[in-house]
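Below is one structure, written out as structure tokens, with a few remarks after it.
The values are calculated or read from the model by the stated rules, or taken from the named source; none is laboratory data. All of these numbers come straight from a predicted model, not from anything done at the bench. Here the Cβ is made from the backbone with ideal geometry for all residues, glycine too, and neighbour counts use every protein chain on show. These accessible areas exclude ligands, DNA and RNA; they are computed on the full protein's heavy atoms, side chains included. Shrake-Rupley method; radii C 1.70, N 1.55, O 1.52, S 1.80 Å.
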Amino acid sequence: MAQTLTHAQSEESASAAPWYRTCRRWGQTNLTEVDPVRYDNAWWRNHWRKTAIQGVIVNAGGIVAYYPSADPLHHRAEHLGDRDLFGEIVAEAREEGLCVVARMDSNRADARFYHEHPDWFTVDAAGQPYRAGDLFIACVNSPYYDVFIPNVLREVIERYRPDGFADNSWSGLQRDRICYCVHCRKAFRDHANAELPQKHDWDDPVYRAWIRWSYDRRIAIWDINNETTRRHGGEHCLWIGMNAGDLIAQGKHFRDYQAIAERTELIFLDSQYRHPGMGFQRNGEFGTLLHGLLGWDKLIPESMAMYGAGQPSFRLASKTPADARLWALEGFAGTIQPWWHHIGAYHEDRRQYTTAEPLFTWHREHEQYLVDRQPVATVGLVWSQENVDYYGQDRPDERYRLPWNGMTDALIRARIPYLPVHADHIERDVQAHGLTTLVLPNVGTLSDAQCAAIRRFVAGGGGLVATGETSLFDDRGRKRDDFALADVFGAHTTGAYHGASNDDRQSWDEWAQHTYLRLAPERRRWVYGPSTGTEPDDDTPRHPVFAGLDETDTISFGGRLEVVVPAADATVPLTLIPPFPIYPPETAWMRTTHSDVPALVLNESAGGRVAYLAADLDRTFGRSRLPDHARLLANLVRWSARDRMPVAVEGPGLLHCQLYRQGDRRILHLVNLSGHETGFAPVDEVYAVGPITIRVAMETTADEARLLVAGDCADLTSRDGMVEVTIPSIADHEVIVIEPR
Ligand SMILES: [Zn+2]
């Protein structure tokens with residue numbers, strides 16, 4: 001549709017749309033308290049222009065005020081003096097035609113404030129205040145959030161009329177500490193008719209009630225702040241907070257993305273860089289996961305560190321350009337919008353100023369392809385915050401993150417596009433995107449209603465891959481007697497398991513996890529004893545889930561395996577070989593070569609093709625990265641999806657493929673992560689790969705394939721509903737646009 005509008009019409013409709021629908025590139029100079037004496041207005045204005053940003057995020061108040069607030073308790077930046085730095089930057093941004101978001105940071109205050117209102121601050125069970133360095137941490141249930149913050153918002157709006165607000169630490173005290181202040185005591189008693197929990201105990205119903213109540217209060221703060229900003233600033237003056245991409249972090253901050261997405265027009269994503277052990281691909285995934293909640297027509301700008309964020313972090317150093325770029329390019333592929341972020345207004349390491357310009361000007365040139373589009377995938381991965389919290393409890397890395405990352409990284413290696421699907425949105429998303437298979441990577445917690453939706457999907461012919469303890473717990477983490485989806489899996493739990501899941505290191509003398517899995521039927525059967533030798537090769541065809549594993553009868557394992565009883569009509573093509581010594585080498589031989597312990601159960605009696613993986617290959621791949629585990633995981637997904645994939649990519653390298661549609665047009669992002677799958681050493685160089693051949697399923701004939709990075713057209717052939725394009729070489733990324741001319 002957009003193409004048929006004249007330029008003038010486009011301009012007109014763009015100007016009518018509110019800022020949160022139109023502002024696609026942001027910049028943030030995150031002011032420090034010394035910046036009022038050194039902020040160089042002309043230099044930063046020039047940087048705004050060079051980087052083609054449309055909006056700025058400017059420090060206003062909260063912990064530190066960058067304007068002369070009328071509230072004497074509102075701490076002014078140490079070097080603010082008589083300057084109104086926030087006001088100056090707002091005025092200059094307006095002269096440049098930019099959107100302005102006022103940045104707040106509202107969860108702590110100095111001793112002066114504390115002594116004036118001690119009951120507004122968090123305290124431990126002994127009544128001692130929780131502190132962060134010299135500052136006192138404000139309580140979300142106190143008038144600090146009901147009165148002080150709304151007053152600051154009103155003051156900023158009345159004086160400066162920003163378009164909206166961000167807030168760095170709006171959700172207050174994290175989950176690892178319980179506040180026992182008078183406001184919390186009273187509010188919890190009124191809510192739960194119980195006293196605050198004395199300790200962290202997930203088995204205690206009062207603790208679980210405290211968790212839910214803590215989430216609800218953050219949502220109430222979201223609503224209070226938006227009510228305030230809209231009342232004083234008009235309907236488009238939104239308060240957007242800041243949120244992490246990582247669900248474990250969101251849980252620790254009591255930030256409920258599902259509830260937030262239901263009430264916001266925009267997400268400010270504070271997920272600035274690749275954390276240790278995490279690949280760049282996580283950023284693309286954050287985008288797809290959040291758009292799945294928020295809608296694909298909305299925007300998700302993300303703060304991206306131009307400084308040396310990582311472990312360790314260096315606030316004033318430059319991040320290597322390749323590292324910053326790969327994070328941003330994954331964001332583009334996940335339909336995230338760029339937002340450069342510098343800490344402080346003056347740097348002696350000036351290299352950080354050169355990273356954003358080429359990224360942002362490329363984004364400006366091609367933005368019509370980078371927003372307002374629908375994802376194309378046939379595989380959905382199910383998630384929920386309840387699974388991360390109530391099942392993950394105090395071990396969310398082991399129970400949620402490793403299985404999720406292992407499964408999704410196996411799909412990325414296999415170039416299988418997937419979409420995160422919230423467990424409450426299964427039917428909606430299956431219908432909207434035409435998903436043909438669902439994957440449940442150790443999703444322990446599922447409600448009865450969520451299980452019913454999965455059961456209906458499979459009954460209708462949908463494929464399913466589930467692993468580990470999936471559906472063994474209800475939506476508050478209480479253990480069930482059997483998998484709620486036992487009938488779908490064709491497998492029942494016994495409650496027993498082999499191996500441990502939390503050993504990530506194994507010494508030569510410690511062999512408890514020296515285990516293997518046996519593939520059936522074996523190609524060669526070794527017979528022990530006096531008649532030692534091999535039987536003739538068995539050429540019975542193996543199940544397609546073992547594609548690529550022809551020359552082996554066993555694969556290494558080393559993980560945890562749920563002991564299950566398979567249903568009579570289910571197939572068990574993979575079994576456990578129990579542990580045996582690893583050292584000294586003379587002892588490293590299989591004592592028990594065969595067992596009946598199922599590692600994989602295939603069931604086609606519930607409707608579609610279902611694979612239940614009792615061996616935690618998703619977790620082990622997340623942890624140990626053994627290629628056989630990734631191969632088997634991808635094969636299971638392909639089999640359950642009956643090989644229906646919207647794109648095929650051939651050629652060397654690790655390429656993260658994300659596909660979109662805009663009407664008849666297809667847009668394929670390929671981000672080259674070769675060599676950078678998981679590591680956290682800063683990337684200093686990218687290794688180009690090619691040639692790469694892609695085949696994309698199209699409903700219409702296509703005439704043109706444009707390469708938005710290489711800047712030219714590629715030869716295209718069209719056959720049997722698939723369009724084939726070969727790309728000579730890809731450096732850090734390529735975006736291929738295929739469409740009728
Ligand atoms: Zn409190």
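List, please: which pairs have Cβ atoms under 8 Å, are six or more places apart or on different chains, and start with a residue in the range 119-147 that is under 12 Å from Tyr180 (Cα atoms) and end with one that is among the acidic types (Asp, Glu) and more than 10 Å from the ligand (Cβ to nearest atom)?
Close Cβ pairs (under 8 Å, with a partner that is among the acidic types (Asp, Glu) and more than 10 Å from the ligand (Cβ to nearest atom)) amount to Tyr130/Asp124.
Got at least one residue in the range 262-282 being under 27 Å from Ser142 (Cβ atoms), assigned to a loop (DSSP other than H, G, I, E, B) and open to solvent by 20 Å² or more (accessible area, probe 1.4 Å)? Give the steps one after another, and end with the answer.
Start the filter on the range 262-282 by keeping residues that are under 27 Å from Ser142 (Cβ atoms), which leaves 262-264, 267-268, 270.
With the extra rule that they be assigned to a loop (DSSP other than H, G, I, E, B), the set shrinks to 264, 267-268, 270.
Among the residues that remain, those that are also open to solvent by 20 Å² or more (accessible area, probe 1.4 Å) are: 270.
There is at least one residue in the range 262-282 that is under 27 Å from Ser142 (Cβ atoms), assigned to a loop (DSSP other than H, G, I, E, B) and open to solvent by 20 Å² or more (accessible area, probe 1.4 Å).
I'm checking my understanding of the structure. Among residues of the range 643-684 that are among the acidic types (Asp, Glu) and touching a residue at least 40 places away in the same chain (Cβ under 8 Å), which one is least open to solvent (accessible area, probe 1.4 Å)? Talk me through it step by step, then tell me what you get.
Step one: filter the range 643-684 for residues among the acidic types (Asp, Glu), giving 643, 650, 664, 677, 684.
Now drop any that are not touching a residue at least 40 places away in the same chain (Cβ under 8 Å), which leaves 650, 664, 677, 684.
Numbers: Glu650: 96, Asp664: 86, Glu677: 39, Asp684: 125 Å².
Looking at residues that are among the acidic types (Asp, Glu) and touching a residue at least 40 places away in the same chain (Cβ under 8 Å), I get Glu677.
Would you kindly identify the strands (runs of 3 or more DSSP E) lying entirely within the range 685-731 that contain at least 1 residues that are open to solvent by less than 30 Å² (accessible area, probe 1.4 Å) and under 19 Å from Gln662 (Cα atoms)? Full working, then the answer.
Values: elements: 692-697, 704-707, 712-714, 716-719, 722-727.
Filter on the range 685-731 gives 692-697, 704-707, 722-727.
Might you check whether a residue that is at pLDDT 95 or above, among the basic types (Lys, Arg), under 27 Å from Thr437 (Cβ atoms) and not in a loop (DSSP other than H, G, I, E, B) occurs anywhere in the range 642-654?
Within the range 642-654, not a single residue is at pLDDT 95 or above, among the basic types (Lys, Arg), under 27 Å from Thr437 (Cβ atoms) and not in a loop (DSSP other than H, G, I, E, B).
Of these, Asp167, Asp223, which one is open to solvent by 20 Å² or more (accessible area, probe 1.4 Å), away from the ligand (no atom under 16 Å from the Cβ) and either modelled with pLDDT of 95 or more or more than 27 Å from the chain's Cα centre (by Cα) (or both)?
Asp223
Determine which member of the set Thr726, Thr700 is modelled with pLDDT of 95 or more and not hydrophobic (A, V, I, L, M, F, W, C). Working first, answer last.
Details: Thr700 fails: modelled with pLDDT of 95 or more.
Step by step, each of Thr726, Thr700 is checked, and only Thr726 is modelled with pLDDT of 95 or more and not hydrophobic (A, V, I, L, M, F, W, C).
With respect to the numbered conditions (1) modelled with pLDDT of 95 or more; (2) farther than 24 Å from Ala611 by Cβ, which one is the sole condition not fulfilled by His629?
That leaves (2) as the condition not met.
Identify, by number, the condition in (1) within 14 Å of the ligand (Cβ to nearest atom); (2) in contact with a Ser or Thr (Cβ under 7 Å, 6 or more places away or on another chain); (3) open to solvent by 10 Å² or more (accessible area, probe 1.4 Å) that Gln174 doesn't meet.
Failed condition: (2).
Anything in the range 95-110 that is away from the ligand (no atom under 16 Å from the Cβ) and either within 34 Å of the chain's Cα centre (by Cα) or not in a helix (DSSP H, G or I) (or both)? List them, or say none.
The answer is Glu96, Gly97, Leu98, Cys99, Val100, Val101, Ala102, Arg103, Met104, Asp105, Asp110.
Out of the residues in the range 177-194 meeting the condition of being open to solvent by 20 Å² or more (accessible area, probe 1.4 Å) and in a loop (DSSP other than H, G, I, E, B), tell me which one is farthest from the ligand (Cβ to nearest atom).
As a first pass, look at the range 177-194 and keep what is open to solvent by 20 Å² or more (accessible area, probe 1.4 Å): 177, 182-183, 185-187, 189-194.
From what's left, in a loop (DSSP other than H, G, I, E, B): 177, 193-194.
Values: Arg177: 10, Asn193: 18, Ala194: 16 Å.
Once the filter is applied, the top-ranked residue is Asn193.
Give the residue that is nearest to Asn635 (Cα to Cα), with candidates limited to residues of the range 461-496 that are of a type in the set (Ser, Thr, Tyr) and open to solvent by 10 Å² or more (accessible area, probe 1.4 Å).
Of the range 461-496, the ones of a type in the set (Ser, Thr, Tyr) are 467, 470-471, 493-494.
Those still in the list that are open to solvent by 10 Å² or more (accessible area, probe 1.4 Å) too: 493-494.
Working: Thr493: 24, Thr494: 27 Å.
If we take residues in the range 461-496 being of a type in the set (Ser, Thr, Tyr) and open to solvent by 10 Å² or more (accessible area, probe 1.4 Å), then Thr493 is nearest to Asn635 (Cα to Cα).
Specify which of the listed residues (Ala132, Ala126, Ala138) is away from the ligand (no atom under 12 Å from the Cβ), of a type in the set (Gly, Ala, Ser) and open to solvent by less than 40 Å² (accessible area, probe 1.4 Å). Step through it out loud before you land on a result.
Values: Ala126 fails: open to solvent by less than 40 Å² (accessible area, probe 1.4 Å); Ala138 fails: away from the ligand (no atom under 12 Å from the Cβ).
Going through Ala132, Ala126, Ala138 in turn, the sole match is Ala132.
From Phe113, Phe121, grab the single residue that is open to solvent by less than 10 Å² (accessible area, probe 1.4 Å), over 30 Å from Trp26 (Cα atoms) and within 15 Å of the ligand (Cβ to nearest atom). Break it down into steps so the answer makes sense when it comes.
Numbers: Phe113 fails: within 15 Å of the ligand (Cβ to nearest atom).
Result: Phe121 is the single residue among Phe113, Phe121 that is open to solvent by less than 10 Å² (accessible area, probe 1.4 Å), over 30 Å from Trp26 (Cα atoms) and within 15 Å of the ligand (Cβ to nearest atom).
Scan the range 63-89 for residues that are among the aliphatic types (A, V, I, L, M), closer than 28 Å to Ala138 by Cα, under 36 Å from the mean Cα position of the chain (by Cα) and open to solvent by less than 10 Å² (accessible area, probe 1.4 Å) and jot them down. First the steps, then the outcome.
Within the range 63-89, the first condition is being among the aliphatic types (A, V, I, L, M), and the residues that meet it are 63-65, 70, 73, 77, 80, 85, 89.
If we keep only those that are closer than 28 Å to Ala138 by Cα as well, we get 63-65, 70, 73, 77, 80, 85.
Pick out the ones that are also under 36 Å from the mean Cα position of the chain (by Cα) and you get 63-65, 77, 85.
Correct list: Ala65, Ala77, Leu85.
Rundown of residues vs (1) at pLDDT 90 or above; (2) within 30 Å of Asp448 (Cβ to Cβ); (3) assigned to a strand (DSSP E or B), yes/no style:
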residue	(1), (2), (3)
Ala496	yes, yes, yes
Arg505	no, no, no
Glu522	no, no, no
Leu549	yes, no, no
Glu562	yes, yes, yes
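Would it be correct to say that Asp201 is in contact (Cβ under 8 Å) with a residue 40 or more places away in the chain and either away from the ligand (no atom under 15 Å from the Cβ) or assigned to a helix (DSSP H, G or I) (or both)?
Working: in contact (Cβ under 8 Å) with a residue 40 or more places away in the chain: no; either away from the ligand (no atom under 15 Å from the Cβ) or assigned to a helix (DSSP H, G or I) (or both): yes.
No; evaluated as a whole, the condition is false for this residue.
Only one residue in Pro205, Pro301, Pro197 is more than 30 Å from Tyr660 (Cβ to Cβ), open to solvent by less than 10 Å² (accessible area, probe 1.4 Å) and either within 14 Å of the chain's Cα centre (by Cα) or modelled with pLDDT of 95 or more (or both). Which one?
Working: Pro205 fails: open to solvent by less than 10 Å² (accessible area, probe 1.4 Å); Pro301 fails: more than 30 Å from Tyr660 (Cβ to Cβ).
Result of the check over Pro205, Pro301, Pro197: Pro197.
Out of everything in the range 141-164 that is within 16 Å of the ligand (Cβ to nearest atom) and polar (S, T, N, Q), what residue ends up being most open to solvent (accessible area, probe 1.4 Å)?
Our first condition is that a residue be within 16 Å of the ligand (Cβ to nearest atom); within the range 141-164, this holds for 141-149.
From what's left, polar (S, T, N, Q): 141-142.
Numbers: Asn141: 29, Ser142: 0 Å².
Among those that are within 16 Å of the ligand (Cβ to nearest atom) and polar (S, T, N, Q), it is Asn141.
Considering each of Val725, Val671 in turn, give the residue that is farther than 30 Å from Phe621 by Cβ and among the hydrophobic types (A, V, I, L, M, F, W, C). Don't jump to the end; show me each part of the working.
Numbers: Val671 fails: farther than 30 Å from Phe621 by Cβ.
None of the others qualify; the one that does is Val725.
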